[in-house]
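The values are calculated or read from the model by the stated rules, or taken from the named source; none is laboratory data. What you see is a predicted model, and the numbers here were worked out from it, not measured in a lab. Neighbour counts are summed over all protein chains in view; Cβ atoms, including those assigned to glycine, are modelled from backbone coordinates with ideal geometry. Just so you know, the surface numbers come from the protein's heavy atoms only, side chains and all, with ligands and any DNA or RNA stripped out. Shrake-Rupley method; radii C 1.70, N 1.55, O 1.52, S 1.80 Å.
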Amino acid sequence: SVVALHGKETTAGDFLVQDVFEAGLAPQIEPQLKSREDKHVVFVSGVSVGSSTSNPLQFQLLVDHITGHLGDDQEQGIAAEIVHVVFAGNSVEIPSGLLNGQNLASKDQSRLSEPVQELDILLTQIAAGVSVDIMPGSNDPANFALPQQPLNRCLFPGSRAYNTFNLCTNPHCFELDGVRFLGTSGQNIDDLKKYSEARDELEFMERTLKWRHLAPTAPNTLGCYPFTDKDPFLIESCPHVYFVGNQDKYGSRILNGSEGQLVRLISIPKFCDTGIAVVERK
């Protein structure tokens, strides 16, 4: 269970909750820093290439920034320290009006493929110089149920030529120089928002860590694959960085656990709405 409830039955037959017990943060492995050099990881989500709110110039400026072709010496110095880029879901938006079960005319077929082709061109520029992870989101051409499987490599003929290009699941967990990263494209937090209240997205993120479960509303209101032997959303080892994509605004803070755990929480805003990407120093 996610939480334990202590209470008693009332005369009306209701359960009166007197205490709520959370599991607390899972045990955390000490980060094994293998390098003393400054390294940066870039997080971006909700690029939504092909949508009405997407700005191609804005995305190209982000690519130029990451690849060191923009800014003064200081900004280019930061770009030189970027070692990893994570696209946390909703990278493209396919025109939904075309997906109505009818046979498509050739011009409509090209409209379906254009956003993915544009995304591939931009990702190829990044993958030529730095490691890139791309996760599926709720709007991407991927399976609906969590955990979402990686996007099909056939969608990215240019990017897949580089071994720095990684098609990843959602949720996604990876390790970089001994630092453990865990994150989602946002569906788990978006669903929690519908049934609960909090000050901000970071508080919802805190709760999932303290409950040791990434998707506490699945399968009731959040679609997930019916695993029978093991729950893939259980958090058995506390990450050092926990990120969630496609949120309304940027947020970041440190969460302290009762056993000395330290977790950097990062709420990544939708890039197409805010033009914001997040740079995390490792």
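Some points to look at:
- Any hit, region 168-191, residues being modelled with pLDDT under 90, of a type in the set (Gly, Ala, Ser) and open to solvent by less than 40 Å² (accessible area, probe 1.4 Å): yes
- In region 1-30, residue most open to solvent (accessible area, probe 1.4 Å) [restricted to those that are of a type in the set (D, E, K, R) and in a loop (DSSP other than H, G, I, E, B)]: GLU30
- Test: residue in region 31-54 that is open to solvent by less than 60 Å² (accessible area, probe 1.4 Å), in a helix (DSSP H, G or I) and farther than 18 Å from ALA88 by Cα: no
- Scanning region 223-245 for residues that are modelled with pLDDT of 95 or more and either on the phi > 0 side of the Ramachandran plot or among the small types (Gly, Ala, Ser) (or both) turns up at least one hit.
- When LEU234 is tested against (1) touching a His at 6+ places or on another chain (Cβ under 7 Å); (2) among the hydrophobic types (A, V, I, L, M, F, W, C); (3) under 21 Å from ASN90 (Cα atoms), just one condition goes unmet, and that condition is (3).
- In region 123-147, residue nearest to PRO157 (Cα to Cα) [restricted to those that are open to solvent by less than 10 Å² (accessible area, probe 1.4 Å) and among the small types (Gly, Ala, Ser)]: ALA127
- Yes/no for PRO56 being modelled with pLDDT under 80 and under 17 Å from LEU119 (Cβ atoms): no
- The selection criterion, being over 19 Å from VAL41 (Cβ atoms) and either at pLDDT 95 or above or of a type in the set (A, V, I, L, M) (or both), holds for LEU119.
- Close Cβ contacts (under 9 Å, 6 or more residues apart or on different chains) running from residues in region 176-197 that are of a type outside the set (S, T, N, Q) to residues that are surrounded by fewer than 21 Cβ atoms within 10 Å (Cβ to Cβ) and assigned to a helix (DSSP H, G or I) comprise LEU192/ARG207.
- Test: residue in region 67-80 that is open to solvent by 70 Å² or more (accessible area, probe 1.4 Å), within 17 Å of ILE276 (Cα to Cα) and at pLDDT 90 or above: no
- Counted as qualifying within region 192-282 are the strands (runs of 3 or more DSSP E) with 3 or more residues that are open to solvent by 40 Å² or more (accessible area, probe 1.4 Å), namely 251-256.
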